[in-house]
Amino acid sequence: METVRGIVGAWAAVAVVLALAGILGAQPVRGPGIPDDPSQVIQTLAGFKIDLVLRSEPQKHGSWICVHKDDKGRLLLDGQRGQPLTRLTLENGNVVREEVLKLPISEIMGMLWVGDSLYADGAAMLPGDPGFNPDAPPARRNQQGIYGLYRLRDPAGDGSFNSIERLRTWQNGAGEHGAHAIVLAPDKRHLFIVAGNATGQPTDISANSPMRNFADDRAIMRREGGFMAGEKPPGGSIHRMDLEGKNIERFASGQRNTYDIAVNADGEVFGFDSDMEWDWGLAWYRPTRVFHATSGADFGYRGGSGKLPTYCEDTLPPVVNIGLGSPTGVVFGYGAKFPAKYQKALYIMDWSYGRLIAVHLTPMGSSYSATWENFVAPKSLYGMGQKHPLNVTDMVVGDDGALYFACGGRNTQGYLFRVTYVGTEPTGPADAHDTSGAEARALRRKLEAFHDHIDPAAVNTAWPHLASDDHFIRFAARVAIEAQPLNEWKSRALAENGNPQASIEALLAVARVGGKESAGEAFAALGKIPTAALSEDLQLQKIRTLAVAISRNGRPEPETAKAIIADLDPLFPSYSPQLNNELSQVLLAMDAPQAVAKTVKLAQTARTEDEQIGYLLYLRQIKNGWTAELRRDFFAWFNGDHSNARHPEAVLRWFDEAGARYNNGNEHNLYLTNIRNEALATLTDEEKQDGQLAAILADYKPVARAERRPPAPRKVVKNWKMEDLLPALADVSKGRNFGRGKMAYEVAQCGVCHKFAEAASLGGVGPDLTSIASRFTRRDILESIIEPSKVVSDQFASTIVRTKNGETIDGHIMEDTPENLVVQINPLKPELVKIKKSNVKSSNLSKLSPMPEGLVDVLSKEEILDLLAYVESAGNRDHPDFK
């Protein structure tokens, strides 16, 4: 442990999905933003009132991304990029004292006050660290420091924090998908650390962690995407450790990039997780969701197409789905002077759409279900008025009973707001405990107590609960058994035949931990359970167990495989898309005679395009079972028009309410191209001679690239600078020309890299711009266009690849396989370069944005203003900017 006294510094960075590549510069900008009376542009529920407490000053505060409360009830606000920590003493929502605390740490993404100490996930350079320079400016020194978990002590209580300890170092912890929030565990003796999916798993993590034995577990190998290609399970994690940062365990995992969690009055942990927004429109996309993190939980996030559906028995389902979004802060309303319903609510923040959402939990068995409502949101979300950014980052319930929340991130204008209740309902303290479900939760915790150690009583205690109707209890029982030596329970699992539910759950445990030496026995035991006699839920569980066994241990022996195929084949295809999804994988993986023909048929006839793509994904690497006609049908799909097989209307309804309709995510077309290319690689020489197939292949045109033509060349009007356009920003608010703005969007080639409303794009180089005005001011958007490289997100950054033969290739990684890197050098052109990994000397993120400068230099001033209005309107010609 490193310890140092008397250093100074500051902090920054937010772990949220970015809205615009290269957005904002080194200092926050003020912009028009939120008026002093926020109710003019922000909607709250009836009876609630919102006030603006403080507007950040760029040089003094930075951009606020984290809010916490110390032991005296003072608010701590984290500033960005070298800006200090601000401590506010409040009375009735008014700032009576403001202090700047110069701390020896920066780039903080999470903080927690315990006793006389402030824990922080951030960066610091301490004496003894390589390159430490005590004379360097604190902000510069600390931003270049080591990212880890720090403890800062303030025994005098005066904000001096005269001691700092680095309790542990986080590998890859500093990025937007790195180490985030810190929360005190229910026992008050441990910390929970929330880590995004880029954070390296600690090398000293306990082998007996509750969440272990993880793998991809797909019967058909997953397909990698572009961003963070090659990432391995378990994805984002919740780590548990003691107050010294030691004895670390992986408590739960399988998230993508959860930023924050909260613990309810009954000691249950909840979080808000994202999905890969570029996967929207693909079979494996999963909406952002609220989840209940129990011991050993796996929520199924895997990279690329490998995400596990929520019905999988070896994962736990969400409490409630929210939709597209970008999760940030999470807190319970305990202590708020609100009506009882809102005291008990779980509040979650969506940075993408500027929403603070109230989630109302209801016990359901040993877990929970929930409903949700927008608690605070821009009026523009409801079609009222122009868009104002409300990029919410973090929140806390103040000692005065108000809910305080901050806006900021990516160096945007920071705000601190206060929400109070002014209605007529009682606001006295409510009982936050749930008596309903208490017995079930107690049983689940009894089983969870076996998760991290060997106990002679574990197997007998847990075994009866493998047959529970409660998924969370079954899950806890199986994990408890998996934690015990295999030889103590394997024979019992193989012999279990009293209850199909218990048998399948026990065999899932064997498939997960038994290894290849037990695989044959597990397959044989599964084969003795007649699938047709099971309910649909049990059918899914059995087929999923087969998929896990195949993924980890390979195909069963021929005779066993024959029996399994004979059992499953009559059920395929089914009326159930979920069953078809699992049956197609398992039967294809075992080379079932009719699996290819039936799966191709489903790819042609499934109700939605995303379901169809799922079947194409499974077929792409299959070499056996094809006929000439099936090959033609498979490849003809890529030449067809699938506009009538879009996403279900119920899925789109939320986006209508949000004022925008979505087409597909940035990597939709990339996945289709790669699925088709992998299938091409399986063609035999004989198949390549098929003239009809050759004609189908020749007729293929990637949809987005065929539809988008480069704009006609234009002369440069001016090398535009910020100062040329800033005075005219107010003119964007009215009288703009919609058609000219849309034309400017095309001329500037924005659509080549970016998604926007229902428009197509060429790939996943840039972020979706549809809801950009929900997060950033007009000035912010302009600055990202004029000066795109001031700040570059790691999600959209180019990569500089240096080869062993001296080449330097700078581009966007479109694909990362064990053998090759596929790089798009120019985002404005579709050409890809393949680099053998054996020839790669090094690869590092570039500091230059892939978005070129000068794209708007061919536009006039009025056209640029129209372009800003077009983007701000989300492509809506009825927006007030065009009145």
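The values are calculated or read from the model by the stated rules, or taken from the named source; none is laboratory data. Computed from a predicted structure; not experimentally measured. Glycine gets a Cβ as well: all are built from the backbone with ideal geometry, and neighbour counts include every protein chain shown. Areas reflect the complete protein model, heavy atoms only, side chains present, ligands, DNA and RNA absent. Shrake-Rupley method; radii C 1.70, N 1.55, O 1.52, S 1.80 Å.
May I have the extent of the alpha carbons of the stretch 186-334 along their three principal axes, as whole Å values ordered from largest to smallest?
Extents along the principal axes, in whole Å: 42, 35, 27.
Taking the Cα-to-Cβ direction at Asn820 and at Ser733 and moving 7 Å from each Cα, how far apart do the two end points lie in nm?
The answer from the label model is 5.4 nm.
Report the gain in length on full extension from Thr424 to Asp399: 0.36 nm times residue separation, minus Cα-Cα distance, nm rounded to one decimal. Mind showing how you got there, number by number?
Working: separation 25, 0.36 × 25 = 9.00 nm, distance 2.11 nm.
Result: 6.9 nm gained on full extension.
Quote to one decimal, in nm, the extra length available between Asn162 and Arg189 on full extension: 0.36 nm per residue of separation minus the C-alpha distance between them.
Values: separation 27, 0.36 × 27 = 9.72 nm, distance 2.36 nm.
Gain in length upon complete extension: 7.4 nm.
Of Met109, Tyr147, Gly173, whose Cα points farthest to the positive end of the dipole of the stretch 103-242 (charges on the beta-carbon: +1 Lys, Arg; -1 Asp, Glu; origin at the Cα centre)?
Working it through, the farthest residue towards the positive pole turns out to be Gly173.
Considering only Val319, Tyr347, Ala336, whose Cα is most displaced toward the positive end of the charge dipole of the stretch 281-357, charges sitting on Cβ of Lys, Arg (+1) and Asp, Glu (-1)?
Looking along the dipole axis, the top candidate is Ala336.
Please give the Cα centre distance for the stretch 92-129 versus the stretch 360-381, rounded to the nearest Å.
31
If you take the charge dipole of the stretch 408-559 about its Cα centre, with +1 on Lys and Arg Cβ and -1 on Asp and Glu Cβ, which of Gly514, Ile550, Ser436 is farthest toward its positive end?
Ile550
With the Cα gyration tensor of the stretch 142-264 in hand, convert its eigenvalues to equivalent ellipsoid semi-axes via √(5λ) and list them largest first in whole Å.
Values: eigenvalues 172, 59, 29 Å².
Gyration-tensor ellipsoid for the stretch 142-264: 29, 17, 12 Å.
Hey, for a label at Ser206 modelled as a point 7 Å past Cα toward Cβ, could you say which residues of the stretch 466-493 have their backbone N under 14 Å away?
It comes to 480, 483-484, nothing else.
Multiplying the sequence separation of His453 and Ala566 by 0.36 nm and subtracting their Cα-Cα distance, what value in nm do you get? Intermediate results must be reported in sequence, preceding the final value.
Numbers: separation 113, 0.36 × 113 = 40.68 nm, distance 4.08 nm.
Between His453 and Ala566, full extension yields an extra 36.6 nm.
Order the peptides 723-731, 50-58 from the highest to the lowest mean number of other Cβ atoms within 10 Å of their residues.
Those peptides, ordered most packed to least, come out 50-58, 723-731.
Could you check the simple spin-label distance between Asn497 and Leu726, using points 7 Å along Cα→Cβ, in nm with one decimal?
Calculated label separation equals 8.1 nm.
Wrap a convex hull around the Cα atoms of the stretch 76-122, take a quarter of its surface area, and give that in square nanometres.
Computing the convex hull of the Cα atoms and averaging its projections yields 3.8 nm².
When the accessible area of the stretch 108-250 is split by element with a 1.4 Å probe, what percent falls to carbon and sulfur? Spell out each step's value before the answer.
Details: 2490 of 5040 Å².
Percent of accessible area from carbon and sulfur atoms in the stretch 108-250: 49.
Could you please state, rounded to a whole Å, how far the C-alpha centre of the stretch 252-308 is from the C-alpha centre of the stretch 492-551?
About 26 Å separates the Cα centre of the stretch 252-308 from the one of the stretch 492-551.
Can you give the relative contact order of the stretch 71-129 as a percent, counting alpha carbon pairs under 8 Å and 6+ residues apart? Could the numbers behind the result be given before it?
Values: 85 pairs, mean separation 14.1, N = 59.
Averaging sequence separation for qualifying contacts and normalising by length gives 24 percent for the stretch 71-129.
Using Cα pairs under 8 angstrom and six or more residues apart, how large is the relative contact order of the stretch 249-295, in percent?
Relative contact order here is 37 percent.
As an exercise, use a Förster radius of 60 Å and the Cβ-Cβ distance of Glu439 and Asp641 to find the FRET efficiency, rounded to the nearest 0.05. Before the final figure, lay out each step's value.
Working: r = 55 Å, r/R0 = 0.92.
Result of the calculation: an efficiency of 0.60.
Let's test the formula: R0 of 22 Å, r as the Cβ-Cβ distance of Thr684 and Thr605. What FRET efficiency results, to the nearest 0.05?
Details: r = 27 Å, r/R0 = 1.21.
Taking R0 as 22 Å, the efficiency between Thr684 and Thr605 is 0.25.
For the stretch 417-575, which whole percent of the accessible surface, found with a 1.4 angstrom probe, sits on carbon and sulfur atoms? Mind showing how you got there, number by number?
Numbers: 3760 of 7100 Å².
After summing per-atom areas, the C and S share lands at 53 percent.
Give, as a single signed number, the net charge of other residues whose beta carbon lies under 13 Å from the beta carbon of Leu867, with Lys and Arg counted +1 and Asp and Glu -1. The partial results should precede the final answer.
Values: positive: Arg736, Arg740, Lys742, Arg778, Lys861; negative: Asp731, Glu746, Asp857, Glu862, Glu863, Asp866, Glu872, Asp881.
In short, -3.
Which whole-number percent is the relative contact order of the stretch 65-104 (Cα, under 8 Å, 6+ apart)?
Values: 65 pairs, mean separation 11.2, N = 40.
Answer for the stretch 65-104 is 28 percent.
Largest first and to the nearest Å, give the Cα extent of the stretch 311-445 along each principal axis.
Ordered largest first, the stretch 311-445 gives principal extents of 49, 40, 27 Å.
Need one number: the % of Cα-Cα pairs in the stretch 491-591 sitting beyond the 21 Å mark.
Values: 1205 of 5050 pairs.
Cα-Cα pairs in the stretch 491-591 separated by more than 21 Å: 24 percent.
Rounded to the nearest 0.05, what FRET efficiency is calculated for Ala340 and Asn213 with R0 set to 41 Å and r the Cβ-Cβ distance? Please report the intermediate quantities before stating the final value.
On the way: r = 42 Å, r/R0 = 1.01.
In this case the efficiency is close to 0.50.
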